[in-house]
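In what follows, a single structure is set out as structure tokens and then discussed.
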């Protein structure tokens with residue numbers, strides 16, 4: 001688990017605390033809110049508003065009130081309620097797509113020492129090529145490579161999600177919609193796995209020598225090492 005703990009110190013300047021730009025911090029917390037909201041909508045529709053169980057619940061409730069209804073009448077109603085939540089899920093998807101685009105553009109305008117790709121290259125070079133500060137370099141490389149994989153995962157989520165949202169307008173979508181939906185759903189579980197690992201890493205880092213890393217993501221890294 002220690003290999004995924006975020007590190008406060010800059011790999012190029014070990015006596016310095018990493019700096020986080022205001023734009024990056026804004027993206028981080030906005031992305032956290034959007035992903036959390038999106039996952040909550042999935043949770044609601046898979047539990048409280050599950051179409052099958054909800055249709056049975058509506059049927060029983062109406063029958064107790066004296067109405068005569070069948071499953072073929074209550075299922076569309078249950079589906080309509082679930083669709084309301086899915087529409088919110090779609091809006092969260094639009095926000096996620098916007099934030100991902102913002103993050104890609106931001107990478108070009110970040111200071112050199114705050115660029116993700118540069119950090120990965122530096123850690124790779126220090127660990128594999130010149131074998132300098134190998135423990136810190138290996139740790140930084142694993143953490144940043146994991147973040148890069150997470151961004152790729154978000155890209156797949158956005159592309160498949162937009163395909164599902166605009167399936168009626170995309171000529172190729174109808175033939176592949178089942179596969180697209182499966183990939184989108186599978187990626188959701190990978191996102192959940194990343195969140196669990198990320199939170200565990202941050203928790204462990206806060207208890208170790210990287211204490212204060214959460215506040216650094218709020219204030220930009222102004223604290224003392």
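Observations, loosely collected:
- Within region 31-49, the set of residues being farther than 18 Å from residue 188 by Cα and surrounded by 15 or more Cβ atoms within 10 Å (Cβ to Cβ) comprises 49 only.
- Condition met for residue 98 (without any contact (Cβ under 8 Å) to a residue 24 or more places away in the chain, surrounded by fewer than 18 Cβ atoms within 10 Å (Cβ to Cβ) and part of a loop (DSSP other than H, G, I, E, B)): no
- The residues of region 161-211 that are within 18 Å of residue 91 (Cα to Cα) and loosely packed, with under 13 Cβ neighbours inside 10 Å, listed by number, are 166, 168, 169, 185.
- Looking only at region 56-80, residues that are surrounded by 17 or more Cβ atoms within 10 Å (Cβ to Cβ) and touching a residue at least 24 places away in the same chain (Cβ under 8 Å) come to 2 in all.
Since every read-out is calculated from the coordinates, none of them should be taken as a lab result. It should be emphasised that the depicted structure is a prediction, and the values quoted were computed from it without experimental measurement. Because the Cβ atoms are built from the backbone with ideal geometry, glycine has one as well, and the counts that use them run over all protein chains shown.
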